[in-house]
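Asks: Quick one: the structure is below, questions incoming.
The values are calculated or read from the model by the stated rules, or taken from the named source; none is laboratory data. As the structure is a prediction and not an experimental result, all values here were calculated from the model. In this analysis, Cβ positions are derived from the backbone assuming ideal geometry, glycine residues included, and neighbour counts consider all displayed protein chains. Please note that ligands, DNA and RNA were not included when accessible areas were found on the heavy atoms of the full protein model with its side chains. Shrake-Rupley method; radii C 1.70, N 1.55, O 1.52, S 1.80 Å.
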Amino acid sequence: MTRTEGLKLLKENISSQNLIKHCLATEAIMRALARHFNEDEERWGLAGLLHDIDYEIVKNDLSQHSLTGAKMLDAAGVDKDICQAVRVHNENHGIPPETLLEKSLFVTDPLTGLIVAAALVLPSKKVAGLAPENILNRLGEKAFARGVNREIIKKCEELLNLKLEEFIEIGLKAMQSISGELGL
Ligand SMILES: [Fe+2]
């Protein structure tokens, strides 16, 4: 599946603009991680772009979130390893991420939320106004953006062998590079 086809599929299934932006942010970070690890940027980007494809379909039953999405993507002809990365990204299933792709998507998903929340409290509301240290500080503030699972973000160290600071820097730069599309 091409990126254009992936974006079309996403927009057919997701109406929330905020959710589409979250998917674009996840895609951008996944692409940056693929470059960092010398992996396939297009395929990793697609995993990020499509990981929440089922969100509005399973709405009232989050126990099905990501399981349904993986099935939808499989039916759409998306490669099996991408479907599996989508399936395991919902930590509530307790499926341990195994491949580098799976691990990357797993830790990237919550990082986007922390960066968005950190930007929205700035007077400018722009990611351009953020430095990696700001994100790191926000990560340490438990009362800030409570919905963001810090423990998963921090797993970048054991799962990806990336220092937290480095992971945050990669993620922030990736989101800054598409700030126009994110409206942030
Ligand atoms: Fe997500």
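Asks: Thinking of region 71-184 as a set of Cα atoms, what percent of all their pairs are more than 21 Å apart?
Replies: 42
Asks: Share of the chain's accessible area from carbon and sulfur, percent, 1.4 Å?
Replies: Solvent-exposed carbon and sulfur of the chain make up 50 percent of the total.
Asks: From the square roots a ≥ b ≥ c of the eigenvalues of the alpha-carbon gyration tensor of region 124-181, which class results: rounded (a/c under 1.5), prolate (a/b over b/c), or oblate?
Replies: Note, shape of region 124-181 comes out oblate.
Asks: With a probe of 1.4 Å, find how much accessible area the chain has per residue, and write the answer as a whole number in Å².
Replies: 48
Asks: Got the relative contact order for the chain handy, in percent, Cα pairs under 8 Å and 6 or more residues apart?
Replies: Relative contact order for the chain comes out at 21 percent.
Asks: Restricting to Cα pairs below 8 Å that are 6+ residues apart, what does the relative contact order work out to for region 84-142? Please round to a whole percent.
Replies: So the answer I get is 24 percent.
Asks: Lysine pairs in region 58-184 8 or more apart or on different chains: how many have alpha carbons under 23 angstrom apart?
Replies: 20
Asks: A follow-up question, please. Based on the mean of other Cβ atoms within 10 Å per residue, sort peptides 82-89, 29-36 so the most packed one is first.
Replies: Answer by packing, highest mean first, reads 82-89, 29-36.
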